[in-house]
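Visitor: I'd like to ask you about the structure that follows.
Only the coordinates and a few stated rules stand behind these numbers; no lab work does. Remember, it's a predicted structure, so these values are computed and weren't measured experimentally. Counting neighbours? That spans all protein chains shown, and the Cβs are built from the backbone with ideal geometry, glycine included.
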Amino acid sequence: MSLHEHVDSLRAKHARLEEQIDEEQHRPLPDSAVLVKLKREKLRLKEAIEKLQHDDEDESERAGMVVN
């Protein structure tokens, strides 16, 4: 799996978690423990996506440098 495919997969999981959070919040009696778990997982995915993107940008910059 390429880096971009991996990031896309993480983004899809992030979007599904957003949907689950929204559904839970709109239930008559939302479960706060479930919400906390979902939000933590969503944040973990967001941080992983950002790290991968940052690492990819750094790699691209290093690949573009010319060594004398």
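Visitor: When only residues in the stretch 11-29 that are part of a helix (DSSP H, G or I) and among the basic types (Lys, Arg) count, which is surrounded by the most Cβ atoms within 10 Å (Cβ to Cβ)?
Guide: Here the residue is LYS13.
Visitor: Here is a further query. Any residue in the stretch 21-33 that is farther than 16 Å from LEU43 by Cβ sitting within a Cβ distance under 6 Å of a residue that is not hydrophobic (A, V, I, L, M, F, W, C)? List the pairs, counting only those 6 or more apart or interchain.
Guide: PRO30/GLU24
Visitor: Considering only residues that are over 20 Å from SER9 (Cβ atoms) and of a type outside the set (Asp, Glu), which ones fall in the stretch 40-68?
Guide: Within the stretch 40-68, SER60, ARG62, ALA63, GLY64, MET65, VAL66, VAL67, ASN68 qualify.
Visitor: Something else: Is the stretch 1-9 home to any residue that is of a type in the set (A, V, I, L, M), out of contact with any helix residue (DSSP H, G or I) (no Cβ under 8 Å at 6 or more places or on another chain) and either without any contact (Cβ under 8 Å) to a residue 12 or more places away in the chain or on the phi > 0 side of the Ramachandran plot (or both)?
Guide: no
Visitor: Oh, and also: Residues that are in a loop (DSSP other than H, G, I, E, B) and not small (Gly, Ala, Ser): does the stretch 1-10 have at least one?
Guide: Checked against the condition, which is being in a loop (DSSP other than H, G, I, E, B) and not small (Gly, Ala, Ser), the stretch 1-10 yields at least one hit.
Visitor: Using the structure shown, decide if LYS46 is touching a residue at least 12 places away in the same chain (Cβ under 8 Å), within 18 Å of the chain's Cα centre (by Cα) and in a helix (DSSP H, G or I).
Guide: Spelling it out, LYS46 is indeed touching a residue at least 12 places away in the same chain (Cβ under 8 Å), within 18 Å of the chain's Cα centre (by Cα) and in a helix (DSSP H, G or I).
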